[in-house]
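Here the structure is laid out as C-alpha coordinates; the discussion comes afterwards.
The values are calculated or read from the model by the stated rules, or taken from the named source; none is laboratory data. Since this is a predicted model, take the numbers as computed values, not measurements. Positions of Cβ are generated from backbone atoms using ideal geometry, with glycine treated the same way; all protein chains shown enter the neighbour counts. With ligands, DNA and RNA removed, areas are computed over all heavy atoms of the protein, side chains included. Shrake-Rupley method; radii C 1.70, N 1.55, O 1.52, S 1.80 Å.
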Amino acid sequence: MELVSRQDAHLREVVWTSAGLQSSLLFFQALFNLLLPDHAADAFSPPRLPEPGLWDLLLERLLGGLSRWDAEHFLFIAERGYLYEHNCAFLPLYPLSLRAVAEGALWPLQPLLRLRSRLLLSAVLLNSLFSTLAAAALYKLGCVVLQRRGVAFLAALLFPVSPANVFMAAAYSESMFAFLAFSAMWQLEKGQSWLGGLLFSLASGVRANGLINAGFVLYAHSKCFALQLQVGSGSLRKLPPLWKQLLSMTSSAVLMCAGIFLPFALFQYYAYVRFCGPGTGLEQTVPGPLLQLALDKGYRLAARNGVKPPWCSWRFPVVYSYIQDTYWNVGFLRYFELRQTPNFLLALPVTLLGSWAAWTYLIANPRHCLTLGLERRKSEEEGKPRAGFCCPAVFVYVVHATVSLAVGFFCMHVQVLTRFLGSCSPILYWFSAHLLQEYEPFLWSEGTDNQTAAPRSEKSLVDKSPGSCRKGTSENPLVRLLMNFRLITPLSKCILGFFLSYWLLGLILHCNFLPWT
(Lines give C-alpha, C1' and ligand atoms only; values in the text may rest on other atoms or scores of the structure.)
Protein backbone atom coordinates (compact mmCIF):
# COMPACT_ATOMS: atom_id res chain seq x y z
CA MET A 1 0.00 0.00 0.00
CA GLU A 2 2.87 2.35 0.86
CA LEU A 3 4.56 1.53 -2.47
CA VAL A 4 1.41 2.39 -4.45
CA SER A 5 1.01 5.65 -2.52
CA ARG A 6 4.65 6.52 -3.14
CA GLN A 7 4.32 5.84 -6.88
CA ASP A 8 1.16 7.94 -7.04
CA ALA A 9 2.97 10.82 -5.30
CA HIS A 10 5.84 10.60 -7.78
CA LEU A 11 3.47 10.43 -10.74
CA ARG A 12 1.54 13.46 -9.50
CA GLU A 13 4.81 15.36 -9.12
CA VAL A 14 5.82 14.44 -12.68
CA VAL A 15 2.45 15.61 -14.04
CA TRP A 16 2.48 18.90 -12.12
CA THR A 17 6.09 19.62 -13.02
CA SER A 18 5.41 18.96 -16.69
CA ALA A 19 2.26 21.10 -16.70
CA GLY A 20 4.04 23.95 -14.91
CA LEU A 21 7.00 23.93 -17.27
CA GLN A 22 4.69 23.78 -20.29
CA SER A 23 2.94 26.91 -19.02
CA SER A 24 6.31 28.62 -18.48
CA LEU A 25 7.38 27.68 -22.00
CA LEU A 26 4.23 29.20 -23.51
CA PHE A 27 4.81 32.42 -21.57
CA PHE A 28 8.46 32.76 -22.56
CA GLN A 29 7.87 31.97 -26.23
CA ALA A 30 5.22 34.70 -26.34
CA LEU A 31 7.62 37.11 -24.61
CA PHE A 32 10.53 36.36 -26.96
CA ASN A 33 8.24 36.46 -29.98
CA LEU A 34 7.05 39.93 -28.96
CA LEU A 35 10.47 41.34 -28.07
CA LEU A 36 12.59 39.93 -30.90
CA PRO A 37 12.01 40.43 -34.62
CA ASP A 38 11.53 37.36 -36.80
CA HIS A 39 14.43 36.33 -39.00
CA ALA A 40 13.69 36.33 -42.74
CA ALA A 41 14.22 32.60 -43.18
CA ASP A 42 14.02 30.78 -46.50
CA ALA A 43 11.42 28.35 -45.23
CA PHE A 44 7.99 27.13 -46.26
CA SER A 45 5.63 30.03 -45.58
CA PRO A 46 2.34 29.85 -47.49
CA PRO A 47 0.10 32.93 -47.75
CA ARG A 48 -2.60 33.30 -45.11
CA LEU A 49 -6.01 32.67 -46.64
CA PRO A 50 -8.43 34.18 -45.83
CA GLU A 51 -7.12 37.44 -44.40
CA PRO A 52 -6.77 37.24 -40.60
CA GLY A 53 -9.15 39.08 -38.32
CA LEU A 54 -8.47 40.89 -35.05
CA TRP A 55 -8.63 37.75 -32.89
CA ASP A 56 -6.47 35.86 -35.39
CA LEU A 57 -3.79 38.55 -35.17
CA LEU A 58 -3.91 38.49 -31.38
CA LEU A 59 -3.51 34.70 -31.30
CA GLU A 60 -0.65 34.92 -33.78
CA ARG A 61 1.13 37.43 -31.54
CA LEU A 62 0.73 35.20 -28.50
CA LEU A 63 1.35 31.76 -30.03
CA GLY A 64 2.91 32.50 -33.41
CA GLY A 65 6.36 31.46 -32.17
CA LEU A 66 5.12 27.86 -32.15
CA SER A 67 4.25 27.88 -35.87
CA ARG A 68 7.78 28.24 -37.28
CA TRP A 69 9.79 26.04 -39.64
CA ASP A 70 8.25 22.55 -40.05
CA ALA A 71 5.22 23.61 -38.01
CA GLU A 72 4.09 25.51 -41.11
CA HIS A 73 3.91 22.21 -42.97
CA PHE A 74 1.81 20.50 -40.31
CA LEU A 75 -0.62 23.42 -40.05
CA PHE A 76 -0.84 23.73 -43.83
CA ILE A 77 -1.52 19.99 -44.26
CA ALA A 78 -4.18 20.11 -41.56
CA GLU A 79 -5.84 23.02 -43.36
CA ARG A 80 -5.33 22.23 -47.06
CA GLY A 81 -4.32 18.57 -47.21
CA TYR A 82 -1.31 17.29 -49.15
CA LEU A 83 -1.39 19.97 -51.81
CA TYR A 84 2.34 20.09 -52.57
CA GLU A 85 4.56 17.07 -53.15
CA HIS A 86 7.10 17.93 -50.45
CA ASN A 87 4.32 18.04 -47.84
CA CYS A 88 4.34 14.24 -48.06
CA ALA A 89 7.49 14.14 -45.92
CA PHE A 90 5.16 14.70 -42.96
CA LEU A 91 2.94 11.76 -42.01
CA PRO A 92 -0.81 12.31 -41.56
CA LEU A 93 -1.84 11.26 -38.05
CA TYR A 94 -0.71 14.46 -36.32
CA PRO A 95 -2.30 16.87 -38.88
CA LEU A 96 -5.50 14.80 -38.77
CA SER A 97 -5.55 15.13 -34.97
CA LEU A 98 -5.16 18.91 -35.26
CA ARG A 99 -8.02 19.11 -37.74
CA ALA A 100 -10.25 16.93 -35.56
CA VAL A 101 -9.76 19.16 -32.51
CA ALA A 102 -10.11 22.38 -34.52
CA GLU A 103 -13.36 21.22 -36.10
CA GLY A 104 -14.63 19.50 -32.96
CA ALA A 105 -13.69 20.87 -29.57
CA LEU A 106 -12.82 24.33 -30.92
CA TRP A 107 -15.77 24.60 -33.31
CA PRO A 108 -17.55 27.15 -31.03
CA LEU A 109 -14.64 29.55 -31.74
CA GLN A 110 -15.38 29.50 -35.48
CA PRO A 111 -17.03 32.97 -35.49
CA LEU A 112 -13.91 34.48 -33.90
CA LEU A 113 -11.03 32.48 -35.36
CA ARG A 114 -10.39 31.25 -38.88
CA LEU A 115 -9.40 27.62 -39.38
CA ARG A 116 -5.64 28.13 -39.29
CA SER A 117 -5.81 29.96 -35.96
CA ARG A 118 -7.91 27.17 -34.49
CA LEU A 119 -5.39 24.65 -35.82
CA LEU A 120 -2.56 26.52 -34.09
CA LEU A 121 -4.53 26.61 -30.84
CA SER A 122 -5.27 22.89 -31.26
CA ALA A 123 -1.54 22.20 -31.65
CA VAL A 124 -0.73 24.07 -28.44
CA LEU A 125 -3.42 22.26 -26.46
CA LEU A 126 -2.68 18.82 -27.87
CA ASN A 127 1.08 19.12 -27.49
CA SER A 128 0.77 20.30 -23.89
CA LEU A 129 -1.37 17.24 -23.19
CA PHE A 130 0.89 14.84 -25.10
CA SER A 131 4.03 16.17 -23.42
CA THR A 132 2.56 15.65 -19.96
CA LEU A 133 1.30 12.18 -20.86
CA ALA A 134 4.70 11.31 -22.37
CA ALA A 135 6.43 12.29 -19.11
CA ALA A 136 3.99 10.10 -17.16
CA ALA A 137 4.49 7.19 -19.57
CA LEU A 138 8.28 7.62 -19.29
CA TYR A 139 8.00 7.36 -15.50
CA LYS A 140 5.86 4.21 -15.69
CA LEU A 141 8.20 2.68 -18.25
CA GLY A 142 11.23 3.49 -16.10
CA CYS A 143 9.68 1.88 -13.02
CA VAL A 144 9.12 -1.37 -14.94
CA VAL A 145 12.44 -1.50 -16.81
CA LEU A 146 14.91 0.02 -14.35
CA GLN A 147 13.32 -1.37 -11.17
CA ARG A 148 14.54 1.82 -9.53
CA ARG A 149 11.80 4.32 -8.91
CA GLY A 150 14.34 6.99 -8.01
CA VAL A 151 16.02 6.94 -11.41
CA ALA A 152 12.66 6.63 -13.17
CA PHE A 153 11.30 9.60 -11.19
CA LEU A 154 14.29 11.83 -11.91
CA ALA A 155 14.32 10.85 -15.60
CA ALA A 156 10.64 11.73 -15.94
CA LEU A 157 11.30 15.10 -14.28
CA LEU A 158 14.06 15.77 -16.81
CA PHE A 159 11.71 15.18 -19.74
CA PRO A 160 9.84 18.54 -19.39
CA VAL A 161 13.21 20.36 -19.54
CA SER A 162 14.37 18.27 -22.48
CA PRO A 163 16.87 19.99 -24.81
CA ALA A 164 14.25 19.38 -27.50
CA ASN A 165 11.33 20.77 -25.51
CA VAL A 166 10.54 23.65 -27.85
CA PHE A 167 9.63 21.02 -30.46
CA MET A 168 7.42 19.26 -27.92
CA ALA A 169 5.42 22.49 -27.55
CA ALA A 170 5.49 23.81 -31.14
CA ALA A 171 3.19 22.47 -33.84
CA TYR A 172 5.50 19.51 -34.44
CA SER A 173 4.69 15.80 -34.09
CA GLU A 174 7.45 15.05 -31.52
CA SER A 175 5.28 15.16 -28.38
CA MET A 176 2.59 12.92 -29.88
CA PHE A 177 5.24 10.49 -31.07
CA ALA A 178 7.00 10.43 -27.67
CA PHE A 179 3.71 9.71 -25.90
CA LEU A 180 2.79 6.86 -28.25
CA ALA A 181 6.30 5.37 -28.31
CA PHE A 182 6.86 5.46 -24.53
CA SER A 183 3.34 4.14 -23.90
CA ALA A 184 3.89 1.30 -26.38
CA MET A 185 7.20 0.36 -24.73
CA TRP A 186 5.51 0.38 -21.32
CA GLN A 187 2.68 -1.87 -22.49
CA LEU A 188 5.15 -4.23 -24.15
CA GLU A 189 7.14 -4.49 -20.92
CA LYS A 190 3.95 -5.31 -19.00
CA GLY A 191 3.21 -8.16 -21.39
CA GLN A 192 0.41 -6.34 -23.22
CA SER A 193 2.03 -7.06 -26.59
CA TRP A 194 -1.00 -6.43 -28.80
CA LEU A 195 -1.78 -3.10 -27.14
CA GLY A 196 1.89 -2.18 -27.43
CA GLY A 197 1.83 -3.15 -31.09
CA LEU A 198 -1.25 -0.99 -31.69
CA LEU A 199 0.45 2.03 -30.08
CA PHE A 200 3.61 1.41 -32.11
CA SER A 201 1.43 1.26 -35.22
CA LEU A 202 -0.10 4.64 -34.39
CA ALA A 203 3.40 6.02 -33.77
CA SER A 204 4.48 4.96 -37.27
CA GLY A 205 1.59 7.04 -38.61
CA VAL A 206 3.09 10.07 -36.84
CA ARG A 207 6.79 9.84 -37.72
CA ALA A 208 8.67 7.61 -40.16
CA ASN A 209 11.27 6.60 -37.56
CA GLY A 210 8.42 4.78 -35.82
CA LEU A 211 9.15 1.92 -38.20
CA ILE A 212 12.32 1.17 -36.22
CA ASN A 213 10.12 0.32 -33.24
CA ALA A 214 9.31 -2.98 -34.91
CA GLY A 215 12.66 -4.04 -33.46
CA PHE A 216 11.15 -3.96 -29.96
CA VAL A 217 8.44 -6.41 -31.01
CA LEU A 218 10.89 -8.75 -32.73
CA TYR A 219 13.27 -8.66 -29.78
CA ALA A 220 10.53 -9.29 -27.22
CA HIS A 221 9.34 -12.38 -29.10
CA SER A 222 12.90 -13.63 -29.70
CA LYS A 223 13.84 -13.22 -26.05
CA CYS A 224 10.70 -14.98 -24.88
CA PHE A 225 11.38 -17.96 -27.11
CA ALA A 226 15.10 -18.10 -26.23
CA LEU A 227 14.35 -18.13 -22.50
CA GLN A 228 11.78 -20.89 -22.95
CA LEU A 229 14.36 -22.94 -24.83
CA GLN A 230 16.85 -22.57 -21.98
CA VAL A 231 14.28 -23.47 -19.36
CA GLY A 232 13.04 -26.46 -21.37
CA SER A 233 16.41 -27.75 -22.63
CA GLY A 234 17.09 -31.38 -21.83
CA SER A 235 13.45 -32.40 -21.98
CA LEU A 236 12.61 -34.00 -25.34
CA ARG A 237 8.95 -34.17 -24.49
CA LYS A 238 8.84 -30.38 -24.46
CA LEU A 239 10.18 -29.98 -28.00
CA PRO A 240 6.83 -30.26 -29.85
CA PRO A 241 5.18 -27.58 -27.66
CA LEU A 242 8.23 -25.37 -28.26
CA TRP A 243 7.83 -25.74 -32.02
CA LYS A 244 4.20 -24.81 -31.68
CA GLN A 245 5.21 -21.82 -29.60
CA LEU A 246 7.79 -20.87 -32.23
CA LEU A 247 5.12 -20.87 -34.93
CA SER A 248 2.76 -18.95 -32.68
CA MET A 249 5.39 -16.35 -31.77
CA THR A 250 6.55 -16.00 -35.37
CA SER A 251 3.03 -15.43 -36.66
CA SER A 252 2.33 -13.00 -33.82
CA ALA A 253 5.55 -11.06 -34.49
CA VAL A 254 4.88 -10.93 -38.25
CA LEU A 255 1.35 -9.66 -37.74
CA MET A 256 2.43 -7.02 -35.24
CA CYS A 257 5.29 -5.82 -37.45
CA ALA A 258 2.92 -5.69 -40.41
CA GLY A 259 0.61 -3.55 -38.31
CA ILE A 260 3.50 -1.21 -37.50
CA PHE A 261 4.43 -0.85 -41.19
CA LEU A 262 0.82 -0.56 -42.39
CA PRO A 263 0.19 3.18 -41.72
CA PHE A 264 3.40 4.17 -43.50
CA ALA A 265 2.63 1.86 -46.45
CA LEU A 266 -0.94 3.13 -46.76
CA PHE A 267 0.28 6.72 -46.81
CA GLN A 268 2.79 5.93 -49.57
CA TYR A 269 -0.06 4.40 -51.57
CA TYR A 270 -2.18 7.51 -50.97
CA ALA A 271 0.67 9.72 -52.22
CA TYR A 272 1.10 7.52 -55.30
CA VAL A 273 -2.59 7.77 -56.19
CA ARG A 274 -2.61 11.52 -55.58
CA PHE A 275 0.56 12.48 -57.44
CA CYS A 276 0.95 9.65 -59.97
CA GLY A 277 -2.66 9.06 -60.92
CA PRO A 278 -4.51 10.72 -63.80
CA GLY A 279 -5.16 14.46 -63.60
CA THR A 280 -8.27 15.49 -61.68
CA GLY A 281 -8.43 19.16 -62.54
CA LEU A 282 -6.99 20.03 -59.16
CA GLU A 283 -5.56 23.32 -60.43
CA GLN A 284 -9.05 24.77 -60.69
CA THR A 285 -9.71 24.13 -56.97
CA VAL A 286 -6.43 25.59 -55.66
CA PRO A 287 -6.53 29.29 -54.70
CA GLY A 288 -4.52 31.56 -56.96
CA PRO A 289 -1.96 32.64 -54.32
CA LEU A 290 -1.11 28.99 -53.58
CA LEU A 291 -0.71 28.26 -57.30
CA GLN A 292 1.57 31.28 -57.59
CA LEU A 293 3.61 30.06 -54.63
CA ALA A 294 4.10 26.73 -56.39
CA LEU A 295 5.32 28.52 -59.51
CA ASP A 296 7.65 30.83 -57.58
CA LYS A 297 9.21 28.13 -55.41
CA GLY A 298 9.07 25.20 -57.82
CA TYR A 299 6.67 23.18 -55.65
CA ARG A 300 5.01 20.28 -57.49
CA LEU A 301 1.23 20.13 -57.29
CA ALA A 302 -0.74 16.90 -57.54
CA ALA A 303 -1.40 15.70 -61.11
CA ARG A 304 -0.46 18.98 -62.72
CA ASN A 305 -0.60 19.06 -66.54
CA GLY A 306 -0.36 15.27 -66.59
CA VAL A 307 3.37 15.39 -65.78
CA LYS A 308 4.24 12.71 -63.24
CA PRO A 309 7.18 13.05 -60.82
CA PRO A 310 10.13 10.71 -61.43
CA TRP A 311 9.52 8.57 -58.34
CA CYS A 312 6.23 7.37 -59.84
CA SER A 313 8.20 5.12 -62.21
CA TRP A 314 10.29 3.50 -59.47
CA ARG A 315 9.87 -0.19 -58.80
CA PHE A 316 8.93 0.76 -55.22
CA PRO A 317 7.48 4.28 -55.52
CA VAL A 318 8.16 5.62 -52.02
CA VAL A 319 7.59 9.36 -52.03
CA TYR A 320 9.13 9.79 -48.57
CA SER A 321 12.57 8.64 -49.74
CA TYR A 322 12.35 10.80 -52.87
CA ILE A 323 11.51 13.95 -50.89
CA GLN A 324 14.28 13.40 -48.36
CA ASP A 325 16.76 12.92 -51.18
CA THR A 326 15.59 15.64 -53.59
CA TYR A 327 14.28 18.43 -51.38
CA TRP A 328 16.51 18.09 -48.31
CA ASN A 329 19.57 16.23 -49.64
CA VAL A 330 19.36 13.62 -46.89
CA GLY A 331 21.72 10.67 -47.36
CA PHE A 332 24.78 8.88 -46.06
CA LEU A 333 27.61 11.36 -45.24
CA ARG A 334 25.99 14.09 -47.36
CA TYR A 335 26.05 16.50 -44.42
CA PHE A 336 29.77 16.04 -43.79
CA GLU A 337 30.85 19.43 -45.13
CA LEU A 338 33.04 22.07 -43.56
CA ARG A 339 30.26 24.67 -43.67
CA GLN A 340 28.09 22.36 -41.51
CA THR A 341 30.54 22.50 -38.59
CA PRO A 342 28.22 24.71 -36.46
CA ASN A 343 25.43 22.14 -36.85
CA PHE A 344 27.76 19.32 -35.78
CA LEU A 345 28.68 21.39 -32.72
CA LEU A 346 24.97 21.78 -31.91
CA ALA A 347 24.59 18.00 -32.02
CA LEU A 348 27.80 17.35 -30.07
CA PRO A 349 26.29 17.24 -26.52
CA VAL A 350 23.60 14.68 -27.36
CA THR A 351 26.09 12.68 -29.44
CA LEU A 352 28.54 12.50 -26.54
CA LEU A 353 25.79 11.66 -24.05
CA GLY A 354 24.34 8.92 -26.25
CA SER A 355 27.77 7.43 -26.98
CA TRP A 356 28.70 7.54 -23.29
CA ALA A 357 25.46 5.74 -22.40
CA ALA A 358 26.17 2.95 -24.89
CA TRP A 359 29.80 2.59 -23.73
CA THR A 360 28.79 2.53 -20.05
CA TYR A 361 26.28 -0.21 -20.67
CA LEU A 362 28.70 -2.23 -22.81
CA ILE A 363 31.45 -2.09 -20.18
CA ALA A 364 29.04 -3.06 -17.40
CA ASN A 365 27.47 -5.96 -19.38
CA PRO A 366 29.96 -7.28 -21.97
CA ARG A 367 28.66 -10.87 -21.96
CA HIS A 368 25.04 -9.74 -21.96
CA CYS A 369 25.72 -7.57 -25.02
CA LEU A 370 27.62 -10.34 -26.84
CA THR A 371 24.73 -12.76 -26.35
CA LEU A 372 22.23 -10.04 -27.35
CA GLY A 373 20.56 -10.38 -23.98
CA LEU A 374 19.12 -13.76 -24.94
CA GLU A 375 21.05 -15.76 -22.33
CA ARG A 376 19.39 -16.31 -18.98
CA ARG A 377 21.58 -14.92 -16.20
CA LYS A 378 22.11 -16.47 -12.78
CA SER A 379 20.72 -13.40 -11.04
CA GLU A 380 17.50 -13.80 -13.04
CA GLU A 381 17.28 -17.48 -12.16
CA GLU A 382 17.63 -16.59 -8.48
CA GLY A 383 14.90 -13.96 -8.81
CA LYS A 384 17.31 -11.08 -8.06
CA PRO A 385 17.92 -9.28 -11.35
CA ARG A 386 20.23 -6.27 -11.35
CA ALA A 387 18.45 -2.91 -11.08
CA GLY A 388 19.25 0.54 -12.47
CA PHE A 389 20.53 1.79 -15.81
CA CYS A 390 22.89 -1.16 -16.30
CA CYS A 391 20.24 -3.81 -15.70
CA PRO A 392 19.61 -6.46 -18.41
CA ALA A 393 16.23 -5.05 -19.42
CA VAL A 394 17.82 -1.80 -20.67
CA PHE A 395 19.78 -3.61 -23.41
CA VAL A 396 17.19 -3.29 -26.19
CA TYR A 397 16.71 0.42 -25.40
CA VAL A 398 20.46 1.05 -25.59
CA VAL A 399 20.59 -0.71 -28.97
CA HIS A 400 17.63 1.32 -30.23
CA ALA A 401 19.18 4.60 -29.06
CA THR A 402 22.59 3.71 -30.52
CA VAL A 403 21.13 2.77 -33.90
CA SER A 404 19.06 5.97 -33.92
CA LEU A 405 22.14 7.98 -32.98
CA ALA A 406 24.22 6.42 -35.76
CA VAL A 407 21.50 6.91 -38.39
CA GLY A 408 20.96 10.51 -37.32
CA PHE A 409 24.67 11.35 -37.22
CA PHE A 410 25.68 9.81 -40.54
CA CYS A 411 22.52 10.00 -42.67
CA MET A 412 20.42 12.98 -41.52
CA HIS A 413 20.74 16.71 -41.02
CA VAL A 414 22.79 16.34 -37.88
CA GLN A 415 21.29 19.32 -36.05
CA VAL A 416 17.96 17.46 -35.70
CA LEU A 417 19.68 14.74 -33.68
CA THR A 418 18.75 16.33 -30.34
CA ARG A 419 15.01 16.28 -30.97
CA PHE A 420 15.26 13.01 -32.87
CA LEU A 421 16.68 11.15 -29.84
CA GLY A 422 14.77 13.23 -27.30
CA SER A 423 11.41 12.15 -28.71
CA CYS A 424 12.05 8.50 -29.60
CA SER A 425 14.27 7.07 -26.86
CA PRO A 426 14.16 7.06 -23.05
CA ILE A 427 17.93 6.53 -22.87
CA LEU A 428 18.74 10.25 -22.97
CA TYR A 429 16.72 10.75 -19.78
CA TRP A 430 17.56 7.47 -18.04
CA PHE A 431 21.31 7.89 -18.47
CA SER A 432 21.26 11.53 -17.38
CA ALA A 433 19.26 10.56 -14.28
CA HIS A 434 21.66 7.66 -13.66
CA LEU A 435 24.68 9.98 -13.73
CA LEU A 436 23.02 12.52 -11.46
CA GLN A 437 21.96 9.92 -8.93
CA GLU A 438 25.30 8.11 -8.93
CA TYR A 439 27.63 11.10 -8.67
CA GLU A 440 25.65 13.95 -7.11
CA PRO A 441 25.90 14.09 -3.27
CA PHE A 442 22.84 16.35 -3.05
CA LEU A 443 20.77 13.33 -4.07
CA TRP A 444 22.23 11.10 -1.34
CA SER A 445 20.44 10.64 1.97
CA GLU A 446 21.52 12.51 5.06
CA GLY A 447 24.45 11.03 6.90
CA THR A 448 25.80 9.02 3.99
CA ASP A 449 27.29 11.79 1.86
CA ASN A 450 30.83 10.66 2.55
CA GLN A 451 30.19 6.95 2.27
CA THR A 452 31.37 5.33 -0.92
CA ALA A 453 31.27 1.66 -0.02
CA ALA A 454 27.50 1.40 0.13
CA PRO A 455 25.70 1.18 -3.19
CA ARG A 456 24.01 4.36 -4.33
CA SER A 457 20.70 2.51 -4.55
CA GLU A 458 20.69 2.37 -0.75
CA LYS A 459 21.45 6.01 -0.16
CA SER A 460 19.75 8.00 -2.87
CA LEU A 461 17.34 10.63 -1.69
CA VAL A 462 15.13 10.26 -4.73
CA ASP A 463 14.58 6.57 -3.96
CA LYS A 464 12.94 7.53 -0.69
CA SER A 465 9.29 8.33 -0.36
CA PRO A 466 8.43 12.03 -0.57
CA GLY A 467 7.34 12.06 3.03
CA SER A 468 10.65 10.66 4.27
CA CYS A 469 12.74 13.61 3.10
CA ARG A 470 14.05 15.71 5.92
CA LYS A 471 12.08 18.80 6.76
CA GLY A 472 12.81 21.82 4.59
CA THR A 473 14.00 19.93 1.52
CA SER A 474 12.12 19.73 -1.73
CA GLU A 475 10.32 16.54 -2.67
CA ASN A 476 11.33 17.27 -6.26
CA PRO A 477 14.99 16.29 -6.83
CA LEU A 478 15.24 18.45 -9.95
CA VAL A 479 14.13 21.53 -8.00
CA ARG A 480 16.59 20.64 -5.27
CA LEU A 481 19.48 20.48 -7.73
CA LEU A 482 18.53 23.79 -9.32
CA MET A 483 18.22 25.50 -5.94
CA ASN A 484 21.75 24.34 -5.09
CA PHE A 485 23.21 24.80 -8.56
CA ARG A 486 26.37 26.54 -7.31
CA LEU A 487 27.18 23.66 -4.96
CA ILE A 488 26.54 20.64 -7.17
CA THR A 489 29.31 18.72 -8.92
CA PRO A 490 30.73 19.84 -12.29
CA LEU A 491 29.18 16.77 -13.94
CA SER A 492 25.73 17.71 -12.65
CA LYS A 493 26.26 21.28 -13.84
CA CYS A 494 27.15 20.02 -17.31
CA ILE A 495 24.07 17.79 -17.56
CA LEU A 496 21.62 20.37 -16.22
CA GLY A 497 23.38 23.12 -18.16
CA PHE A 498 22.90 21.18 -21.39
CA PHE A 499 19.21 20.57 -20.70
CA LEU A 500 18.40 24.12 -19.54
CA SER A 501 20.52 26.04 -22.06
CA TYR A 502 19.03 24.15 -25.00
CA TRP A 503 15.56 24.57 -23.49
CA LEU A 504 16.04 28.36 -23.36
CA LEU A 505 18.03 28.83 -26.57
CA GLY A 506 15.49 26.75 -28.44
CA LEU A 507 12.74 29.13 -27.37
CA ILE A 508 14.69 32.25 -28.32
CA LEU A 509 15.93 31.03 -31.69
CA HIS A 510 13.21 28.70 -32.97
CA CYS A 511 10.31 31.01 -32.10
CA ASN A 512 11.86 33.81 -34.15
CA PHE A 513 12.60 31.76 -37.29
CA LEU A 514 16.30 31.48 -36.43
CA PRO A 515 18.09 28.17 -37.17
CA TRP A 516 17.96 25.65 -34.36
CA THR A 517 17.99 21.89 -33.91
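Suppose the Debye formula is applied to equal point scatterers at every Cα of the range 114-177; what is log10 I(q)/I(0) at q = 0.15, 0.16, 0.22 Å⁻¹?
-0.49, -0.54, -0.83
What figure, in Å² to the nearest 10, do you get for the accessible area of LEU57 with a 1.4 Å probe and non-protein molecules left out?
90 Å²
Tell me which trypsin sites (Lys or Arg not before Pro) from the range 33-84 have a DSSP coil assignment and no more than 15 other beta carbons within 10 Å of their own.
On the way: sites: ARG48, ARG61, ARG68, ARG80; in loops: ARG48, ARG68.
In loop regions of the range 33-84 (DSSP not H, G, I, E or B), the sparsely surrounded trypsin sites (Lys or Arg not before Pro) are ARG48.
Could you state the angle between the C-alpha long axis of helix 149-158 and the longest principal axis of the C-alpha atoms of the chain, as a value from 0 to 90 degrees rounded to the nearest 10?
Result, in degrees: 30.
For the chain, give the magnitude of the charge dipole about the Cα centre (Cβ charges: +1 Lys/Arg, -1 Asp/Glu; no others), in debye to the nearest 20.
Working: 42 positive and 30 negative charges, 202 e Å.
It works out to roughly 960 debye.
Largest first and in whole Å, what are the equivalent-ellipsoid semi-axes of the range 315-412 based on the Cα gyration tensor, each being the root of 5 times an eigenvalue? Walk me through the intermediate numbers first.
On the way: eigenvalues 259, 66, 16 Å².
One finds semi-axes of 36, 18, 9 Å for the range 315-412.
Bin all alpha-carbon pair distances of the chain at 10 Å intervals from 0 and give each bin's fraction as a whole percent.
Once binned at 10 Å, the Cα pair distances of the chain give 4, 17, 27, 26, 16, 8, 3, 0.
Can you give me the distance in nm between label points at LEU247 and LEU514, each placed 7 Å from the Cα along the Cα-to-Cβ direction?
Result for the modelled spin labels: 6.4 nm.
Quick one: work out Rg over Rh on the C-alpha atoms of the range 58-107, Rh as Kirkwood radius. Each step should come with its number before you reach the end.
Numbers: Rg = 11.4 Å, Rh = 11.6 Å.
Using only Cα positions, Rg/Rh for the range 58-107 is 0.99.
Rg and Dmax in Å for the range 36-86, alpha carbons only: what are they?
Considering the range 36-86 through its Cα atoms, Rg and Dmax are 11.8, 33 Å.
How large is log10 of I(q)/I(0) for the range 162-211 at q = 0.31, 0.32 Å⁻¹ when the intensity is taken from the Debye formula with one equal scatterer per alpha-carbon?
Debye output, listed in q order: -1.05, -1.09.
How much accessible surface does TRP186 have with a 1.4 Å probe, in Å² rounded to 10?
Near enough 60 Å² of accessible area.
Could I have the simple spin-label model distance between VAL407 and LEU266, label points 7 Å from Cα toward Cβ, reported in nm to one decimal?
Those two pseudo-labels are separated by 2.1 nm.
With a 1.4 Å probe and all protein chains left in place, how much of the accessible area of the chain comes from carbon and sulfur atoms, in whole percent?
Working: 15410 of 23570 Å².
Reported share for carbon and sulfur atoms: 65 percent.
Based on the alpha carbons, how large is the Rg to Rh ratio for the range 253-366 when Rh follows Kirkwood? Don't skip to the answer; put the middle values down first.
Working: Rg = 20.9 Å, Rh = 18.4 Å.
Answer for the range 253-366: 1.14.
Please give the peptides 357-366, 398-407, 105-114 ranked by average Cβ packing (other Cβ atoms within 10 Å per residue), highest first, as a rough proxy for protection. Display every interim value, and only then the final one.
Details: 357-366: 16.8, 398-407: 19.5, 105-114: 13.5.
Ranked by mean Cβ neighbours within 10 Å, highest first: 398-407, 357-366, 105-114.
Using θ = phi - 60° and the Karplus relation 6.51 cos²θ - 1.76 cosθ + 1.60, list the HN-Hα couplings for the range 128-137 in order, rounded to whole Hz, with x at every Gly or Pro.
Going residue by residue, I get 4, 5, 5, 5, 5, 5, 5, 5, 5, 5 Hz, with x marking Gly and Pro.
Counting heavy atoms of the protein chains only and a 1.4 Å probe, report the per residue accessible area for the chain as a whole number of Å².
Working: 23570 Å² over 517 residues.
Heavy-atom accessible area per residue stands at 46 Å².
Label LYS297 and CYS369 with points 7 Å out from Cα along Cα→Cβ: what is the distance between them in nm?
Each label point is offset 7 Å from its Cα along the Cβ direction, giving 4.4 nm.
To one decimal place, what orientation-averaged projected area in nm² is obtained for the convex hull of the Cα set of the range 1-119? Could the numbers behind the result be given before it?
On the way: hull surface 41.1 nm².
In nm², the orientation-averaged hull projection of the range 1-119 is 10.3.
Roughly what % of Cα-Cα distances in the range 108-256 sit above 17 Å, to the whole percent?
On the way: 7572 of 11026 pairs.
Value for the range 108-256: 69 percent of Cα pairs lie more than 17 Å apart.
Order the following by accessible area, largest value first: ILE508, ILE427. Probe radius 1.4 Å; ligands, DNA and RNA are ignored. Mind showing how you got there, number by number?
Details: ILE508 45, ILE427 10 Å².
Greatest to least solvent exposure: ILE508, ILE427.
Number of Lys-Lys pairs in the chain under 27 Å by Cα, sequence gap 8 or more or different chains?
Value for the chain: 27.
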